[in-house]
Amino acid sequence: MKAKTKPTSARKTKAKEAKMQKKNYEKVWENCLKVFRDNVSPQNFKTWFEPIKPIKLENNVLTIEVPSQFVYEWLEEHYIALLRKTIKSQLGRDGKLEYSILMDSVGAQGKPYTIKLPGKTVNKLKNAPVMAPLNLNATIKNPFVIPGLKKIDIDSQLNPSYTFENFIEGDCNRLARSAGYAVSQKPGGTSFNPLLVYGGVGLGKTHLAHAIGVEIKDKIPQKTVLYVPSDRFMNQFVDSVKSNSQNDFVHFYQMLDVLIIDDIQFLAGKERTQDVFFHIFNHLHQNNKQIILTSDKAPVDLQGMEHRLLSRFKWGLSADLQNPDLETRIAILKKKMYMEGIELPTDIVDYIAYSITNNIRELEGALISIVAQASLNNKPITLELAKQMIDKFVKNTVHEISIDYIQKVVCDYFELPLELLKSKTRKREVVQARQLAMYFSKNLTKSSLSNIGIHCGGKDHATVLHACRTVGNLMETDKKFKSYVTDIQKRINISREG
Ligand code: ADP
Ligand code: MG
């Protein structure tokens, strides 16, 4: 048996008190978490609430530690009402919330430290301006600003048509867009420095990067902003080495207020360029100048990029652009049509949006070439023409049918609203349509059974399997039903063959 040293009774009481206290705030926070879990999506819960640590409860003020300034701002912007209500329900009317923010973006040698901010839950943050989605009041003032310092007027290389106004917002880009907008309102003055926007080809990285620059120039014209694709940056550097003017190159870049480098994945493996970029980055960052980067890969997947650069990217925010959903695709097409003065029947717009799902550049390209083709040949724009053109766009691949599209064809065929098919209703005609949609999705797409189920009224994979069998059986026994299947198959095929 091991002997234990007994604490003196005073120490014991203190330890007991501390333990009690700990229990208290942990318990309170646990209860809060239960409420949050019930009120936000699992994804949001995981992203925003799970990383929070309660650290103390004193005078009815609960202090929580959040991992970054960004999380703090996001919570205050998006969950203020929920936080306020929950805290009050746990601590009573005078319950308060205070944040402690773990900061790790203080500079190369800076140790992580904490700053304290009272929760706006106390002051009520009401009617935050719609266009400035993030509350940035709490950021630290830049001590380096020298008022009146004039800089050479440089050409920003920005494309004035890539604006925020033209950048349609959707679930696919909300975080990147709002972070970008926040940056444009306070370049260098937010915690999103650097802001790294990443995502696949044609999803709007370049557009968004320009939009930030355009907005800054619009609001604060005296800011020097430069947009540069990474390959141009690299070539300029190589030239400067050749002509022995490397210092000028570096000085030029260090003078900027806002540096936007597009497609930094091209710097992979280019050690010397990365090295010089590292120094420029540090200089700008230390002077609270804004850096905006885009990449076609997430930072973790950027191979051939120096570790010290990657670790600096983490100082700010990496936000991704995802494939746009159907609604966003239609909105983008409509915006483009409006800007170009094009009018098209809805079924053609829908068709384009249904067919091209993962590249906005192709989406716009398809629209423009359909219009161009029609006017060139002096033909009306028909669905047939649209189909022909689109197949050129979605070239080389057998045009993949989506579950969305199958559902649309089935619903059109039975003249049912799409919502009904996606609902849980058990009405006979809806059940039949839903089973047919499942059957075609299984046969014509690569989707898993469970994915098909999710898209068709939230069913599980067994239900989808059962639906497929039922359709098979009915086709053999019921002539009318069989003719439904053939008709729908034909309609789906039109879109495949063009
Ligand atoms: P990336 O740089 O990611 O390859 P781009 O920024 O060049 O993509 O975007 C491709 C095209 O799609 C551009 O014409 C751009 O204007 C358009 N685009 C992308 N996202 C949006 C959006 N959310 N709203 C409107 N247009 C968009
Ligand atoms: Mg681009």
_I'm trying to understand the selection: among the residues of the range 362-401, which are under 28 Å from the mean Cα position of the chain (by Cα), of a type outside the set (A, V, I, L, M, F, W, C) and modelled with pLDDT of 80 or more?_
Glu362, Glu364, Gly365
*If you go through the range 334-349 one residue at a time, how many are assigned to a helix (DSSP H, G or I) and either within 16 Å of ligand 2 (Cβ to nearest atom) or closer than 21 Å to Val409 by Cα (or both)?*
4
_Conditions first: (1) touching a helix residue (DSSP H, G or I) at 6+ places or on another chain (Cβ under 8 Å); (2) within 16 Å of ligand 2 (Cβ to nearest atom). Lys205 passes all but one, so which condition is the exception?_
(1)
_Single residue of the range 437-485 satisfying the filter (assigned to a helix (DSSP H, G or I) and among the hydroxyl-bearing types (Ser, Thr, Tyr)) that is nearest to Ile403 (Cα to Cα)_ = Ser441
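Just checking, does the range 299-306 include any residue being surrounded by 19 or more Cβ atoms within 10 Å (Cβ to Cβ) and modelled with pLDDT under 95? First the steps, then the outcome.
As a first pass, look at the range 299-306 and keep what is surrounded by 19 or more Cβ atoms within 10 Å (Cβ to Cβ): 302, 305.
Adding the requirement that they be modelled with pLDDT under 95 leaves 302, 305.
Within the range 299-306 (the criterion being surrounded by 19 or more Cβ atoms within 10 Å (Cβ to Cβ) and modelled with pLDDT under 95), the answer is yes, since at least one residue qualifies.
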*Of (1) charged (D, E, K, R); (2) within 16 Å of ligand 2 (Cβ to nearest atom); (3) surrounded by 19 or more Cβ atoms within 10 Å (Cβ to Cβ), Glu215 satisfies all except one. Which?*
(2)
*When both residues are 6+ apart or on different chains and their Cβ atoms are under 8 Å apart, which pairs have a first residue that lies in the range 159-177 and is assigned to a loop (DSSP other than H, G, I, E, B), and a second that is within 16 Å of ligand 2 (Cβ to nearest atom) and of a type in the set (D, E, K, R)?*
Phe164/Arg177; Phe167/Arg177; Glu169/Arg177
*asked:* Cβ-Cβ distance below 7 Å, separation of 6 or more or different chains: which pairs start in the range 328-356 with a residue that is without any contact (Cβ under 8 Å) to a residue 60 or more places away in the chain and end on one that is within 16 Å of ligand 2 (Cβ to nearest atom)?
replied: Arg329/Leu363; Leu333/Leu363; Lys336/Glu364; Ile352/Leu363; Ile356/Glu362; Ile356/Leu363
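Yes or no: Ser311 among the hydroxyl-bearing types (Ser, Thr, Tyr), in contact with a helix residue (DSSP H, G or I) (Cβ under 9 Å, 6 or more places away or on another chain) and closer than 30 Å to Asp275 by Cβ? Break it down into steps so the answer makes sense when it comes.
Numbers: among the hydroxyl-bearing types (Ser, Thr, Tyr): yes; in contact with a helix residue (DSSP H, G or I) (Cβ under 9 Å, 6 or more places away or on another chain): no; closer than 30 Å to Asp275 by Cβ: yes.
Criteria not met by Ser311.
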*How many residues does the range 187-230 hold that are within 16 Å of ligand 1 (Cβ to nearest atom) and either within 18 Å of the chain's Cα centre (by Cα) or over 20 Å from Leu267 (Cα atoms) (or both)?*
21
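Among the residues of the range 350-370, write down those that are assigned to a helix (DSSP H, G or I), of a type in the set (A, V, I, L, M) and surrounded by 18 or more Cβ atoms within 10 Å (Cβ to Cβ).
Of the residues in the range 350-370, the ones assigned to a helix (DSSP H, G or I) are 350-355, 360-370.
This time we only want the ones that are of a type in the set (A, V, I, L, M), so: 352-353, 360, 363, 366-368, 370.
Selection gives Ile352, Ala353, Ile360, Leu363, Ala366, Leu367, Ile370.
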*Limited to the range 326-336, what total is found for residues that are farther than 10 Å from Ala353 by Cβ and more than 11 Å from ligand 1 (Cβ to nearest atom)?*
0
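The values are calculated or read from the model by the stated rules, or taken from the named source; none is laboratory data. Predicted model, so just to flag it, every value in this text is computed and none were measured. Ideal geometry is used to build each Cβ from the backbone, glycine not excepted, and the neighbour counts take in all protein chains shown.
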